[in-house]
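Engineer: The structure follows.
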Amino acid sequence: MSWIFQCVEHIIRVSILHYDGLIFLGISRLDIQPYDEDLGTGELRYVQMAVTTYNTSLPVTERYQNGKVQIALVWNSRTEHSQSSDKLNALSNFLWENGGLSSNTHLIHSIWVNFQTSTSNIIFGNRWRHLVGERDFWEHIGGVDISLDPSSFGQANTQAFNSLLRRLHKYVPYGSSVVDLYAGAGVIGLSIAASRKCRQVCEMR
């Protein structure tokens, strides 16, 4: 099984889930089989975890430690109607009951599932489903608020990314027209547009 961590600093918070064994405990109790790349068998392929640092009431140094974790389970099936869907729902319920909003320790922001049956090394499939928790995963990056899905491309180290954006702003004259190509969630373009008072923003997909 593989585990994706989006940033070394994020492990400060993610380790509470990972090393204290909440996810592994759920996998063990529910007899969930890890994915076997050679045989294409098993149920859980990957777990991606991201920590929101949106709580601006906290000092920057405390936001990772006190952020909530968005969990994405990559499940080895085509849809939520597969034979293993009961295990998927059971794992989601177990995690939410022990780390969600009503638990003694509210660690989890939301739980999502991605359905992936490809035998290639592509991690995510095209089909996503929100299981529980908040839908919108907000971050304040480069002076703008932006909501990121678990499928959104995001920079791993948001603090370094913020620093880079502040430097980038200085090279763009006020009132410029800005084009952001292959923009992902659009953070760079939106950040420049907001800070440099750009005259026009045009989104094209």
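Bear in mind these aren't lab numbers, they're just calculated from the coordinates by the rules spelled out. This is a predicted model, so every value here is computed, not measured. Positions of Cβ are generated from backbone atoms using ideal geometry, with glycine treated the same way; all protein chains shown enter the neighbour counts.
Engineer: When the dipole is taken about the Cα centre of region 2-135, and only Lys, Arg (+1) and Asp, Glu (-1) are charged at their Cβ, what size is it in debye, to the nearest 20? Write out the running numbers ahead of the final one.
Structural biologist: Values: 10 positive and 12 negative charges, 75 e Å.
About 360 debye.
Engineer: Moving on. Looking at 168, 55, 30, which one has the Cα that reaches farthest to the positive end of the dipole of the chain (charges on Cβ: Lys, Arg +1; Asp, Glu -1)?
Structural biologist: 168
Engineer: For residue 79 and residue 157, what does the FRET efficiency come to when R0 = 35 Å and r is the distance between their Cβ atoms, rounded to the nearest 0.05?
Structural biologist: Numbers: r = 35 Å, r/R0 = 0.99.
My answer for the efficiency is 0.50.
Engineer: Quick one: net charge of residue 169's neighbours, Cβ under 14 Å, K/R +1, D/E -1? Mind showing how you got there, number by number?
Structural biologist: On the way: positive: 166, 167, 170, 196, 197; negative: 180.
Taking every Cβ under 14 Å from that of residue 169, the sum is +4.
Engineer: Based on the Cβ-Cβ distance from residue 194 to residue 28, what FRET efficiency comes out when R0 is 45 Å, to the nearest 0.05? Spell out each step's value before the answer.
Structural biologist: Values: r = 47 Å, r/R0 = 1.04.
The computed FRET efficiency comes out at 0.45.
Engineer: Round to the nearest 10 and give me the degree value, 0 to 90, for the angle of helix 158-169's Cα axis relative to the longest principal axis of the chain.
Structural biologist: 20
Engineer: With r defined as the distance between the Cβ atoms of residue 123 and residue 55 and R0 fixed at 35 Å, what FRET efficiency is calculated, to the nearest 0.05? It would help to have the intermediate numbers written out before the result.
Structural biologist: Numbers: r = 28 Å, r/R0 = 0.81.
Efficiency, from the Cβ-Cβ distance: 0.80.
Engineer: Below 19 Å, Cα to Cα, which aspartates and glutamates can residue 197 reach? Residues fewer than 8 away in the same chain don't count.
Structural biologist: Candidates past the 8-residue exclusion: 145, 180.
Engineer: By its C-alpha gyration tensor, with a ≥ b ≥ c as the square roots of the eigenvalues, how is region 145-205 shaped: rounded for a/c under 1.5, else prolate for a/b larger than b/c, else oblate?
Structural biologist: Working: a/c = 2.35, a/b = 1.27, b/c = 1.86.
Oblate shape, in that a/c is at least 1.5 and b/c is the bigger or equal ratio.
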